[in-house]
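What follows is one structure encoded as structure tokens, with my remarks underneath.
The values are calculated or read from the model by the stated rules, or taken from the named source; none is laboratory data. Predicted model, so just to flag it, every value in this text is computed and none were measured. Please note: Cβ atoms are built from the backbone with ideal geometry, for glycine as well, and neighbour counts cover all protein chains shown. These accessible areas exclude ligands, DNA and RNA; they are computed on the full protein's heavy atoms, side chains included. Shrake-Rupley method; radii C 1.70, N 1.55, O 1.52, S 1.80 Å.
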Amino acid sequence: MGTIEELKTVGNSVVRKLRRQKLEQGKPFLIWSNKLPKDQSYLEYPDHSIKVVMVSPNLKSFTIVRELTKVQEEAIRNELNLF
């Protein structure tokens, strides 16, 4: 079994691959962040826009809370290393 750092690296790699696949298929990708309130997350769309959404308790639907500006989107991508 690998170290915690090795497991984090592998996990991050898998999530990045899944994100890329979903966006290439024309599907949005949900991004959880501890920088947002517990019931909110980022939703990245194939057109590269990002919105803050409130996810329902059953995780089957969401409500758009706000849309981010291009500058905010870029800052989130930098912060989360999504390039």
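Counting only alpha carbon atoms, the long axis of helix 4-24 and the longest principal axis of the chain meet at about 40°. Within the set [x] 13.7, 42; [y] 14.0, 45; [z] 24.5, 75, the number that Rg and Dmax of the Cα atoms in Å takes when calculated for this structure is listed as [x]. The mean accessible area for residues of the chain, using a 1.4 Å probe and ignoring ligands and nucleic acids, is 75 Å² per residue.
Applying both filters, DSSP loop and at most 11 other Cβ atoms within 10 Å, to the trypsin sites (Lys or Arg not before Pro) of segment 37-83 gives LYS38, LYS60. Put the Cα centre of segment 9-35 next to the Cα centre of segment 59-79 and the gap is 14 Å.
Here is the list for segment 1-52: chymotrypsin sites (Phe, Trp or Tyr not before Pro) lying in DSSP coil, each with at most 15 other C-beta atoms within 10 angstrom of its C-beta, are TRP32. Modelled label positions at GLU5 and LEU59, each set 7 Å beyond Cα in the direction of Cβ, lie 3.0 nm from each other.
With all protein chains in place and a 1.4 Å probe, the accessible surface of the chain carries 57 percent carbon and sulfur.
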